[in-house]
Structures are given as structure tokens and as C-alpha cells.
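No lab work stands behind these numbers, since they all come straight from the coordinates. It should be emphasised that the depicted structure is a prediction, and the values quoted were computed from it without experimental measurement. Every residue, glycine as well, gets a Cβ built from its backbone with ideal geometry; the counts of neighbours run over all protein chains shown.
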Amino acid sequence: MNIAERIILAPKEETIISRWANGKSIPLRLVQRAQIIQLSARGIFSHKIAKRLDISRPTVQLWRERFLSFRLSGLEKDAPRPGRFPKISQKKVTTIVNSTLHTTPPDATHWSTRTMAKAQGVSEASIRRIWKQYNLKPHLVETFKLSKDKRFLEKLYDVVGLYLNPPDKSIVFCVDEKSQIQALERTRPLLPLRPGIPARQTHDYERHGTTTLFAALNMLDGTVIEDCMPRHRHQEFIRFLQIIDTKAPTDLDLHLIVDNYGTHKHPRVQRWLKRHPRFHLHFIPTSSSWLNMIERWFAEISRKRIRRGSFKNVKELIMVINQYIESHNQNPKVFVWTTSVESIMRKISNVKIC
């Protein structure tokens with residue numbers, strides 16, 4: 001006769017097993033498993049435990065082995081079940097995954113569940129399940145652009161350094177212009193949100209002019225200095241620099257992160273900067289607007305206040321922009337940069353390799 005391995009409980013295990021075996025608020029399945037181990041630890045044979053608890057002997061042996069292998073944690077979780085055998089072999093799954101990654105159908109740029117199912121001789125539901133398992137989404141495409149700036153790395157270190165380790169006695173501002181904001185008036189009033197139906201607006205509209213939003217995001221406290229102007233030239237940029245000079249503390253240096261738009265490099269702008277030595281302009285690399293945090297704030301105001309708005313004229317549009325910024329500055333959100341230069345370069349290298 002086969003003799004089962006003896007179960008010896010540690011003092012802590014014995015306490016927990018006893019609590020489970022006699023617990024009134026413990027799930028019944030855990031109570032039964034604890035009772036099996038408790039009786040086994042007393043030296044009672046499996047067939048007698050099965051008879052006493054009115055269960056099968058294989059069940060007793062299963063939970064004895066589970067406890068010997070995993071101790072208490074083995075009792076808390078159900079034993080794994082084999083389930084049904086898969087209808088599609090792993091070899092076939094591998095073929096489907098490789099075909100999705102490395103081939104295209106003859107009449108399209110990418111596979112769909114229906115075309116792949118037809119090509120592989122399986123059901124569309126199987127393709128959908130395999131793509132979900134391997135996180136494959138052939139219908140989606142993302143765009144990217146790599147900067148060709150010859151001083152890319154130098155500018156990257158400069159800007160990221162300002163985010164992660166700003167200079168003492170200074171404020172870092174992210175500055176840019178959101179140009180050509182249109183005052184669009186919908187031809188019909190917005191239809192409000194209803195259960196099961198989203199808010200609706202007409203696709204046609206009337207144009208009532210444009211404005212350019214000049215904005216400077218304070219990286220220290222998240223507040224925004226702004227002004228709306230009709231045009232987007234070096235004259236307006238100098239005027240905005242004067243506004244920043246007036247509103248920023250006079251005893252601090254000002255480091256401005258800007259893009260490479262010609263307005264920011266105009267000779268008159270350069271002469272103005274020489275007369276105001278506390279201003280320091282830091283240019284991001286070309287085609288790298290993601291490096292300027294003001295773009296993140298522009299996305300916020302577009303999504304929350306401008307995109308779905310309806311404006312009868314430019315004056316109303318400017319009033320709404322000013323109200324949003326005033327509200328934002330009362331409870332500003334600080335945008336925190338956390339990515340290092342090394343991490344950025346690794347991602348760029350991966351894109352180039354692909």
C-alpha cells in the first residue's frame with residue numbers, strides 16, 4: 001500500500017488552518033481544504049478523511065499535494081484546470097502572427113480579420129482572438145517624424161536640462177504661439193447630450209476671423225501668461241516679451257524655450273534681447289515640437305474650450321480664451337517633465353532600427 005507523505009504544520013500554519021477549518025465567514029471550499037490538511041496532520045489516512053468529510057479520495061489527495069507544494073497559498077487558490085484542447089495548433093497560430101507582421105494582402109495595405117481568416121482557413125473570431133492575445137492591430141497606424149537638426153543632441157540636452165535641473169534664481173518659461181485660431185459659428189445651436197446619444201453639432205459653420213494666442217507656461221507653478229494678437233510677426237513677439245518682462249519677478253533671470261520659427265530669430269528680436277540681458281532663449285531642435293511643454297497646454301485649451309465652441313466674432317473668442325486662462329491660473333496644473341536624454345535617444349534609436 002502507498003503511504004502518503006506526512007504533513008507537519010508549523011505553529012503559524014496550524015493557527016491559520018484551525019481558523020479556516022472552523023471559520024463561519026470563510027468560503028466553504030476553503031473550510032473543506034483546511035479540514036483536509038488538519039486531519040492529515042493528525043495522521044488520519046486519506047480514505048478515512050474522504051469518508052468523514054463526504055468527499056472523494058482523489059480530492060483529498062489533490063489538496064494534500066497542493067499544500068505540500070505551495071503550503072497555505074496552495075489552498076487559497078483553485079487548482080488549475082486543463083480546459084478543452086485548442087482547435088487551432090500553436091504552429092497555425094505562429095503562422096497567423098507571422099503573416100500579420102510580415103505580409104500584406106494582394107489588394108490592400110493591411111490585413112483585416114475577414115481577409116486573414118479567409119487566407120488562413122480559420123474563423124474570423126479566431127483571428128480576432130489571436131490578434132488580441134498578441135496585441136496586434138493592423139488597422140491602426142501612427143505617424144512619427146525624426147529631426148534632421150545637426151545640433152539635435154546639443155539642443156536636446158539644453159532643453160531637458162532646463163526641465164530637470166533649472167538654473168538658480170531663474171524661471172523657465174515654455175513659449176509659443178497658437179496661430180490662426182478661428183472664430184467659427186455653427187449654423188445651428190449645439191444639440192445637448194442625452195442618454196445613449198452624444199452631444200451633436202452641425203458640420204457647417206461661418207467664419208468670423210482669426211486670432212493668435214501668445215502664451216508662456218511657467219514651469220515652476222503652472223501659470224500661464226498670455227495675450228491674443230491679430231497677427232503673428234516679430235513685432236507681436238517683441239510685444240509679448242515685454243508683457244512677460246512686466247509680469248515676471250524683476251530679480252530673476254528668464255529662460256524661454258521656443259521653437260525655430262523665424263519670428264523668434266528676427267534681428268529686431270535679437271537687438272531687444274541684448275537690451276534685456278535677463279532673457280535667455282533656448283531653441284528646441286527642428287521638428288521636435290513635443291519637446292516644448294506649452295504644446296501640451298495648447299492641447300488642453302483646444303480640447304476643453306475651443307474645438308467645440310461656437311463664436312459670433314473674434315472678440316467673443318478672445319473673451320472665452322481669457323476666461324479659460326484666468327480660471328486655469330486660479331488653480332494651475334504643473335506640467336512635470338520626467339524623461340531623460342538617454343531614454344529619448346534609446347527610443348529614437350529603436351525607431352531608426354525599425
Seminar exercise, completed: HN-Hα couplings for the range 336-347 via Karplus (6.51, -1.76, 1.60; θ = phi - 60°), in whole Hz with x for Gly/Pro, come out as 10, 8, 10, 7, 7, 4, 4, 5, 4, 5, 5, 5
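On a 22 Å Cα-Cα criterion, which of the cross-link pairs Lys150/Lys347; Lys304/Lys333; Lys247/Lys333; Lys169/Lys274; Lys148/Lys178 come out too long? Could the numbers behind the result be given before it?
Working: Lys150/Lys347 18 Å; Lys304/Lys333 14 Å; Lys247/Lys333 19 Å; Lys169/Lys274 20 Å; Lys148/Lys178 24 Å.
Going by Cα-Cα distance, Lys148/Lys178 fall outside the 22 Å limit.
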Problem set entry | Karplus-derived HN-Hα couplings along the range 172-183 (A = 6.51, B = -1.76, C = 1.60, θ = phi - 60°), whole Hz, x at Gly and Pro | 9, 10, 9, 10, 6, 10, 9, 8, 6, 7, 8, 8
Problem set entry | Residue of Val341, Val141, Val269 that the Gaussian network model of the chain assigns the largest fluctuation, springs spanning Cα pairs under 10 Å | Val141
For this session: Find out how many positive minus negative residues lie around Leu164, taking Lys and Arg as positive, Asp and Glu as negative, among other residues whose Cβ is under 12 Å from that of Leu164.
Result: -2
Seminar exercise, completed: Going residue by residue through the range 70-75, the Karplus relation 6.51 cos²θ - 1.76 cosθ + 1.60 with θ = phi - 60° gives ³J(HN,Hα) values, rounded to whole Hz and with x marking Gly or Pro, of 10, 6, 4, 5, x, 7
Problem set entry | Rg over Rh, two decimals, the range 254-354 (C-alpha only, Kirkwood Rh) | 1.05
Seminar exercise, completed: Residue separation between Glu124 and Arg57 times 0.36 nm, minus their alpha-carbon distance, gives in nm 19.7 nm
For this session: Take every Cα pair under 8 Å in the range 226-336 that's 6+ residues apart, average their separations, divide by the length, and report that relative contact order as a whole percent.
Result: 23
Exercise. Once amide H atoms are placed 1.01 Å from N in the peptide plane, what residues at a sequence separation of 5 or more from Ile257, or on another chain, have their amide H within under 5 Å of its amide H?
Worked result: Phe173, Cys174, Val175, His282
Exercise. How high is the relative contact order of the chain, in percent, with contacts defined as C-alpha pairs under 8 Å that are six or more residues apart?
Worked result: 14
Exercise. Distance in nm between label sites at Lys92 and Tyr157, each 7 Å beyond Cα in the beta-carbon direction?
Worked result: 5.7
For this session: Please build a GNM for the chain, connecting alpha carbons under 10 Å apart, and tell me which residue among Thr115, Thr250, Thr223 fluctuates the most.
Result: Thr115
Problem set entry | Label point at Arg29 placed 7 Å out along Cα→Cβ; residues across the range 50-79 whose backbone nitrogen lies under 12 Å | 75-79
Problem set entry | Residue order, fewest to most beta carbons within 10 Å, for Phe67, Phe240 | Phe240, Phe67
For this session: Find the centroid of the Cα atoms in the range 299-338 and in the range 156-178, then give the distance between the two in whole Å.
Result: 23
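Could you work out the Rg to Rh ratio of the range 90-133, with Rh taken as the Kirkwood radius (inverse of the mean 1/r over all Cα pairs)?
With Rg and the Kirkwood Rh in hand, the quotient comes to 0.92.
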For this session: Run through every distinct alpha carbon pair of the range 1-152 and return the Kirkwood hydrodynamic radius in angstroms, one decimal place.
Result: 20.5
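So for the chain, what percent of the C-alpha to C-alpha distances run longer than 34 Å? Mind showing how you got there, number by number?
On the way: 37585 of 62481 pairs.
In whole percent, the long-distance tail amounts to 60.
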Problem set entry | Largest-first ellipsoid semi-axes for the range 198-328, taking √(5λ) over the Cα gyration tensor eigenvalues, angstrom | 29, 16, 15
For this session: Rank the residues Ile7, Ile257, Ile36, Ile348 as a footprinting-exposure proxy: fewest other Cβ atoms within 10 Å of their Cβ go first.
Result: Ile348, Ile7, Ile257, Ile36
Exercise. Given labels modelled 7 Å from the Cα in the Cβ direction, how far is it in nm from Asn313 to Val341?
Worked result: 5.1
Exercise. If Lys and Arg each add +1 and Asp and Glu each add -1, what is the summed charge of the other residues whose beta carbon sits under 15 Å from the beta carbon of Glu316?
Worked result: +4
For this session: Rounded to whole Å and sorted largest first, list the principal axis extents of the Cα atoms in the range 11-76.
Result: 26, 25, 19
Exercise. Using only helices, what value at 222 nm comes out for the chain when you add -39,500 (n - 2.57) per DSSP H run of length 4 or more and divide by the total residues, to the nearest 500 deg cm²/dmol?
Worked result: -13500 deg cm²/dmol
For this session: Express the Stokes-Einstein translational diffusion coefficient of the range 101-251 in µm² s⁻¹, to the nearest whole number, given a Kirkwood radius over alpha-carbon pairs, 25 °C and a viscosity of 0.890 mPa s.
Result: 112
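Efficiency by 1/(1 + (r/R0)^6): what FRET value for Ser99 and His280, r their Cβ-Cβ distance, R0 = 51 Å, to the nearest 0.05? Mind dumping the intermediate values first?
Details: r = 55 Å, r/R0 = 1.07.
Efficiency, from the Cβ-Cβ distance: 0.40.
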Exercise. How much length, in nm to one decimal, is gained on full extension between Lys304 and Glu206, taken as 0.36 nm per residue of separation minus their Cα-Cα distance?
Worked result: 33.2 nm
